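Contents: one structure, followed by commentary.
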Amino acid sequence: MSLLAVSALQKSFRTPEGERKLIVDVPQFTLAAGQQLALRGESGSGKTTFLHLIAGILAPDSGSILLGERDMAALGESARDRLRAESIGYIFQTFNLLQGYSCLENVMLGMAFGVGADRERATAMLTRVGLGHRLGHYPRQLSTGQQQRVAVARALANHPKLVLADEPTGNLDHKNAGESLALIRETCRENGATLLLVSHDAGVLATFEEVQDFAVLNRAVTEVAP
């Protein structure tokens, strides 16, 4: 049974010259509940835009994005925000932590947009990712790898059905990248979440049993950076 079903999805943007440029053109894409899939894609291939469409951060020009029985593409902005908060966890390459808030507060704030902030659950998630002793620390007091762990805890705290990870190891060294990737996959399995990860890193992609080329899915002609 599909958790995610994308059909005839298109998104374009206007260039500085005023022309419309098609960035995403995906005829069909599906993910089953519990599946862990990596999408291979170079910079400029449209893969981040694709994730933003699935997450409801961007609205498509056309097509459908069925998450369970709800069509993300058919919802207004506020309804997309609610569905994302309830059902999707997003791990950004740049972490997107709030610098003026502690680790615990960052996770609880993320939860507040969904089922509601739960201090016990947030503490348990941070403990699970090895930061139970850093609850009151601020992002600036953490290493890059530890900041990534906070981002993972925040993404999983609301028990999302789907976790989207956009180059989640891009800012980490080799050792931290391997540990972070293993943590993401393990916590998704433990929480019954489906994982869709995009990366151009051959080392990251090699750890996945299922890998697809985004260039094969996406029919849009894009300018791919070297």
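The values are calculated or read from the model by the stated rules, or taken from the named source; none is laboratory data. Bear in mind that the values here come from a model prediction, so they are computed numbers and not experimental data. So basically every Cβ, Gly included, is an ideal-geometry build from the backbone, and we count neighbours across all protein chains shown.
Data for the structure
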read-out	value
Residue within the stretch 169-188 that is touching a residue at least 12 places away in the same chain (Cβ under 8 Å) and at positive phi present	no
Qualifying residue in the stretch 74-89 (condition: crowded, with 19+ Cβ neighbours inside 10 Å, in contact (Cβ under 8 Å) with a residue 24 or more places away in the chain and of a type in the set (Ser, Thr, Tyr))	yes
Extreme residue, farthest from Ser199 (Cα to Cα), among residues of the stretch 64-95 that are assigned to a loop (DSSP other than H, G, I, E, B) and small (Gly, Ala, Ser)	Gly76
Every residue from the stretch 70-123 that is acidic (Asp, Glu) and under 22 Å from Lys11 (Cα atoms)	Asp71, Glu77, Asp81
Conditions (1) modelled with pLDDT under 90; (2) touching a helix residue (DSSP H, G or I) at 6+ places or on another chain (Cβ under 6 Å); (3) hydroxyl-bearing (Ser, Thr, Tyr); number of the one not met by Tyr90	(1)
Enumeration of residues in the stretch 21-48 that are farther than 14 Å from Val6 by Cα and among the β-branched types (Val, Ile, Thr)	Ile23, Thr48
Selection count where residues are surrounded by fewer than 19 Cβ atoms within 10 Å (Cβ to Cβ) and closer than 14 Å to Ala220 by Cα, scope the stretch 14-41	5
Complete set of residues in the stretch 90-105 that are within 24 Å of Gly34 (Cα to Cα) and surrounded by fewer than 16 Cβ atoms within 10 Å (Cβ to Cβ)	none
Per-region count, the stretch 163-193, residues β-branched (Val, Ile, Thr) and farther than 26 Å from Leu83 by Cβ	1
Residue check, Val216 farther than 19 Å from Tyr90 by Cβ and among the aliphatic types (A, V, I, L, M)	yes
Any chance Phe208 is under 28 Å from Asp81 (Cα atoms) and of a type in the set (Phe, Trp, Tyr)	no
Condition check for Val150: touching a Gly at 6+ places or on another chain (Cβ under 6 Å) and either of a type in the set (A, V, I, L, M, F, W, C) or without any contact (Cβ under 8 Å) to a residue 40 or more places away in the chain (or both)	no
